[in-house]
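What follows is a set of notes on a single structure, which appears directly below.
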Amino acid sequence: MNETRKLVRGSRPVPRATQRAEQGEVSFASSPEPLQIVTDLELQSVIGQGGMGIVFRVYDRSLQRPIAMKVLKSEIPQSALPCLAQEALVTGRLEHPGIVPVYGAGQDDGGNPDCFTMKYVDGVTLTDRLLELSKLGTPPRGRHLQELLTKFLKVCESVSFAHSRGVLHRDIKPDNIMLGSYGEVYLMDWGLALLRSDNSERRVSDAAPKHEQPKHEQHGPVVGTPHYMAPEAIRCGPYSVDERTDVFSLGAVLYEMLTLVPPYDFEDDLPLWMLSRNDTIKPPEQVTPDAPPPAQLCDIVMQALSHSPDDRQQSAEQLRQDIETFLYAGGWFTRRQFASGCIVAHEGEEGGSAYIVEKGRCRVYCETDGATKALRELGPGECFGELALLTSGKRTATVEALTDVTLLEVSSDVFERELPRGSWTRQFVDTLAERFLQSERDQRRRPP
């Protein structure tokens, strides 16, 4: 593929500065000759393609770097060129670290935009990453799921930014999420983006194709990928959607991260109207019963996939906050419930987990010289079993439920993920644990 093409970035007068030294002032005069910024591009390979466009990897000989160029497929009529122009305008105005920057737009002989160039991303799609993880034999869990969730937070940030500029993506799916080789996460392909008409200041350009419609004209062609589309986008068409429609698609991506299948797992020839019914999406824990995701995470994703937009998180930012809270505020922990009088932990047993009291009260006691010695009572927010977890030793006390209690279980694998060995914080915690354990042993040896 040795084709080359010249991309005219535009022309403008070249400012020429003249300085009046005696007054310390600078004035500018326009050069009579316009400056043509021309880029010589060499087509190298096809990166990917969608319903209308095809993306090439090209080499920019002028700046000696690879870039990406999107053009219409040859079978697409030229009447679709305004859609390509709008995609360039929409993407170009969304200047955000999670959205690929646009470099320039090319024109055909008639002066119509027929392509645009953007940053070339060296990486894989989220689809590719999930396929790779599926080879492990189970859905992503532990550190793999944590890795995916941190990337998902960045996608939510990109969507939230676009919404703040009045732009709906409408085709959020794993294929359109690129994971760069150095930690970058990009939300790609804004070809189906819709410019909201509720804020005239947010429009890209008066010359851009008008997707906005009056409220009484709420029907139009269904656009998007059915496996990830909200019911209202299928049922009512593109002009009855809002930010919560993108929230549904984000929830569908999250669902696939947990289960390796989209929420709508159907044959491609299934009529679209069937998806607009109020069918119940199977919860993730039912899809993967042998390796259920954390309960709190399942609640978050099922809320995002609610049939009614009013029942979902009301913004991409709210969804991002829910995931962030899960990641950093104990969402990984398993909830366990014990009735009043039950023994939660036995003195002398191996301690593979610690617990945080979420509801109810417990009492802690130990056996000393054949007598029961009460140590303390625990309420919500307090923890026990941490010494056995930290030192890999045996439990030094028995814990009994004084009331019905709900506990958050901190297992050893979760603890290692949150506070890995070798970190300086872990060294401090381990040292404090050993000193506390020794102090407790010394206290037991003292005569009453």
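Give me the residue from the range 385-407 that is assigned to a strand (DSSP E or B) and under 22 Å from G370 (Cα atoms) and, out of that set, most open to solvent (accessible area, probe 1.4 Å).
This residue is K394.
Return yes when S340 is among the hydroxyl-bearing types (S, T, Y) and either closer than 30 Å to H169 by Cα or open to solvent by less than 60 Å² (accessible area, probe 1.4 Å) (or both) and no when it is not.
no
Mind telling me which of the residues G360, G348, G331 ends up being closer than 30 Å to Q321 by Cβ, touching a strand residue (DSSP E or B) at 6+ places or on another chain (Cβ under 6 Å), open to solvent by less than 60 Å² (accessible area, probe 1.4 Å) and not hydrophobic (A, V, I, L, M, F, W, C)?
Just a single option satisfies the conditions, and that option is G360.
Here are Q303, Q337, Q321: which of them is in contact (Cβ under 8 Å) with a residue 24 or more places away in the chain and in a helix (DSSP H, G or I)?
Going through Q303, Q337, Q321 in turn, just one is in contact (Cβ under 8 Å) with a residue 24 or more places away in the chain and in a helix (DSSP H, G or I): Q303.
Answer yes or no: is there a residue in the range 340-349 that is over 17 Å from the mean Cα position of the chain (by Cα), hydroxyl-bearing (S, T, Y) and part of a strand (DSSP E or B).
no
Mind listing whichever residues of the range 147-166 are modelled with pLDDT under 95 and touching a strand residue (DSSP E or B) at 6+ places or on another chain (Cβ under 7 Å)?
Listed by number, the list holds a single entry, G166.
Mind checking which residues of the range 175-188 are within 16 Å of the chain's Cα centre (by Cα) and part of a loop (DSSP other than H, G, I, E, B)?
Residues satisfying the conditions are G183, E184, M188.
Residue under question is I356, and the condition is that it be of a type in the set (A, V, I, L, M), under 38 Å from the mean Cα position of the chain (by Cα) and modelled with pLDDT of 75 or more; does it hold?
yes
Of the numbered conditions (1) modelled with pLDDT under 90; (2) open to solvent by 70 Å² or more (accessible area, probe 1.4 Å); (3) in contact with a helix residue (DSSP H, G or I) (Cβ under 8 Å, 6 or more places away or on another chain), P294 fails exactly one; give the number of that condition.
(2)
Kindly indicate whether any position in the range 401-422 is at pLDDT below 85 and aromatic (F, W, Y).
Yes, that holds for at least one residue.
Assess whether G379 counts as being more than 19 Å from Q438 (Cβ to Cβ) and open to solvent by less than 60 Å² (accessible area, probe 1.4 Å).
yes
The values are calculated or read from the model by the stated rules, or taken from the named source; none is laboratory data. Note that this is a predicted model, so its numbers are computed, not measured. Note that each Cβ is placed from the backbone with ideal geometry, even for glycine, and that neighbours are counted across all protein chains shown. Side chains included, ligands, DNA and RNA excluded: accessible areas come from the protein's heavy atoms. Shrake-Rupley method; radii C 1.70, N 1.55, O 1.52, S 1.80 Å.
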